[in-house]
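Okay, structure first, notes after.
The values are calculated or read from the model by the stated rules, or taken from the named source; none is laboratory data. Keep in mind the model is a prediction, meaning the values are calculated, not measured. Cβ coordinates were reconstructed from backbone atoms using ideal geometry, including for glycine residues, and neighbour counts include every protein chain displayed.
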Amino acid sequence: MLSVQCHDTLILFGDGVSVEKLTQVSDCFSDAELRPSTQSVLALIVIANVDDQRLARAFERPSKGCFEVVEQTEIPKDIFVKSFSTDDFSFSFSSKTVYRLPVAHCITNALFTHFDLKPSLRDNVEMALHEALVNAVVHGNLELGHIRKDSLDSLQSFDEEAEVRLSDPEFSLRKIDVSIECLKTTIEIKVVDQGEGFSIDHDAWHDLPWRGINLISTLTSSVRAGESGEPLTMIFDR
């Protein structure tokens, strides 16, 4: 695992990432004003070519967040700094990684390891986050819309179409970002994809069970969704 101290209070750890790519990430923070922390040094995990073992290793080390990068693509200058500077945790993974690996479980473990939260809240947080990530991949980044899954044939058709799009970098490399802020009485988790988005205020969301919004609303204290580029926000009482 590579490491680079790119800021007075930040060290980058790279797993499966070239020195060139880690340096490119480091440049994003060169002039950043990071939020003060109780820790003297913050850590950010940067990973590429993600598999089960690499994902597990990324969450073994105490850190402020984990970001997946792709060697062949450029990194926008503010992609990390924007959420990393203000939130307690920030994560960014590709559609393919979220679809195939237990990202929701790993994030939930990190959250409950670092903060003093009620154990009874854990299942609700993990299930709601899992649903939100599935929605972000399937209906957002993969643009699959509503495919009926009420029979074996329709399930097979859904899986086949999902695999076709996951094999296309145009869809599979789209990002899903998760940011978490632990406030005095609540936890706020935001999930944003690169799809067109939808709004609970505008859509008849009770008629959209495939989006998982009905389930998420029963697991959270409140939930709201925005238009394209705006996050799905889930709020839990601590």
Subject >> Flag for residue 129 being touching a residue at least 40 places away in the same chain (Cβ under 8 Å) and assigned to a helix (DSSP H, G or I) >> reply: yes
**OP:** List the number of the failed condition for residue 96; all other conditions in (1) in a loop (DSSP other than H, G, I, E, B); (2) farther than 22 Å from residue 234 by Cβ hold.
**Re:** (1)
**OP:** Look through 95, 90 and report the one residue that is of a type in the set (S, T, N, Q) and farther than 14 Å from residue 64 by Cα.
**Re:** 95
Original post:
Within the range 98-140, which residues are farther than 20 Å from residue 66 by Cα and surrounded by fewer than 16 Cβ atoms within 10 Å (Cβ to Cβ)?
Top reply: 116, 118, 119, 120, 122, 123
**OP:** Mind listing just one residue for me: the one in the range 200-229 that is farther than 26 Å from residue 173 by Cβ and in a loop (DSSP other than H, G, I, E, B) and, of those, modelled with the lowest pLDDT?
**Re:** 202
Subject >> Answer residue from the range 17-37, given it is among the aliphatic types (A, V, I, L, M) and modelled with pLDDT of 70 or more and is surrounded by the most Cβ atoms within 10 Å (Cβ to Cβ) among those >> reply: 17
